[in-house]
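Below: one structure, written as structure tokens.
The values are calculated or read from the model by the stated rules, or taken from the named source; none is laboratory data. Just so it is clear, the model here is predicted, and its values are computed rather than measured. Cβ placement follows ideal geometry from the backbone for every residue including glycine, while neighbour counts extend to all protein chains displayed. To get the accessible areas, we keep the full protein, side chains included, count just its heavy atoms, and leave off ligands, DNA and RNA. Shrake-Rupley method; radii C 1.70, N 1.55, O 1.52, S 1.80 Å.
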Amino acid sequence: MLLAAQFFTMDQHRAEEAAKDGDGYLKGIAIDAVIFGFHENQLKVLLIEYKRTGLFALPGGFIKETENINNAAMRVVSERTGLDNIFLDQFHVFGDYSRFDPKPFIKVMAASGYTPPDDHWLLKRFISVGYYALVDFTKAKPTPAIIFDSCDWYDLTNIPALIQDHGQIVSKALDALRANLDHRLIGFNLLPQDFTMGELQQLYETILGKKLLRPAFQRKMLSLGILERVAKKWTGGAHRAPYLYRFAPEAVNIV
């Protein structure tokens, strides 16, 4: 759960979130977004740091009473990345009682000069619907809200300690991304229109975190029926030029 700029802001829906009773929002349910960023064989995750607290968390937010949950998730992700039309996947609901801990949010509010009453809606138990996305982090513009010190990309091997169960959420999102990569690959739009098998393999290796055997990888990708061979890539050298591929139109239309 995220206390996303609820305090001292003129934005209408943020001001509504700050209200003691949370009128206009679904109570007890939040969205946490694991936004993975890929570029040139690097895989990162977007995290926020609350001002004057040293607390790190995933981007997240709440669902308006008149809002579709997927639209709410897209709004949350767009606010933090500056990107629209992002491919989002809902992957898990986090509802263990053990995740309930209002202390970090009391600390966040206090750092913004606000002492919440004990019955403030944001201090009650929430379940969280997890979404993940994979974007080109060079195209995103991480945008902190007013109560954040920062909104930045972190290497997956160097993630700071996160509040509540957000570390578990990142881990489960990564598992889901890896398990669904074959079926979600096209929607992520991370490759140029025409690409080599080597470029596709580098993308897979970065996300999976391991090296793959080239012959086996090529056989697997061709067997999926989502690629069509276009031509050979002009290299200008004496070495054998690799073939170029693109996603087959019928596969693109399914996404």
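Mind checking which residues of region 102-154 are open to solvent by 20 Å² or more (accessible area, probe 1.4 Å) and under 20 Å from Ile86 (Cα atoms)? Residues satisfying the conditions are Asp136, Phe137, Thr138, Lys139, Lys141, Pro142, Thr143, Pro144, Asp152, Trp153, Tyr154. Taken residue by residue, region 156-171 has at least one member that is at pLDDT 95 or above, over 13 Å from Lys44 (Cβ atoms), outside any loop (DSSP other than H, G, I, E, B) and aliphatic (A, V, I, L, M).
Of everything in region 125-157 that is over 25 Å from Gly22 (Cβ atoms) and among the β-branched types (Val, Ile, Thr), the residue that is farthest from the chain's Cα centre (by Cα) is Thr157.
Quick check on my filter: what residues within region 155-169 are open to solvent by less than 50 Å² (accessible area, probe 1.4 Å) and in contact with a Phe, Trp or Tyr (Cβ under 9 Å, 6 or more places away or on another chain)? Within region 155-169, Leu156, Pro160, Leu162, Ile163, Asp165, His166, Ile169 qualify. Tell me, please, whether a residue that is under 30 Å from Ala241 (Cβ atoms) and modelled with pLDDT of 95 or more can be found in region 122-135. Among the residues of region 122-135, at least one is under 30 Å from Ala241 (Cβ atoms) and modelled with pLDDT of 95 or more, which makes the answer yes.
Within region 184-199, is there a residue that is hydroxyl-bearing (Ser, Thr, Tyr), surrounded by 14 or more Cβ atoms within 10 Å (Cβ to Cβ) and not in a helix (DSSP H, G or I)? So far as region 184-199 goes, yes, one or more of its residues are hydroxyl-bearing (Ser, Thr, Tyr), surrounded by 14 or more Cβ atoms within 10 Å (Cβ to Cβ) and not in a helix (DSSP H, G or I).
Val93 falls short on exactly one of the conditions (1) open to solvent by 70 Å² or more (accessible area, probe 1.4 Å); (2) within 15 Å of Gly61 (Cα to Cα); (3) outside any loop (DSSP other than H, G, I, E, B); (4) touching a residue at least 40 places away in the same chain (Cβ under 8 Å), and that condition is (4).
Residue-wise test of (1) at pLDDT 95 or above; (2) within 26 Å of the chain's Cα centre (by Cα); (3) of a type in the set (Lys, Arg).
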| site | (1), (2), (3) |
| --- | --- |
| Gly187 | no, yes, no |
| Leu190 | no, yes, no |
| Thr206 | yes, yes, no |
| Met221 | yes, yes, no |
| Ile226 | no, yes, no |
| Lys233 | no, no, yes |
| Gly236 | no, no, no |
| Ala251 | no, yes, no |
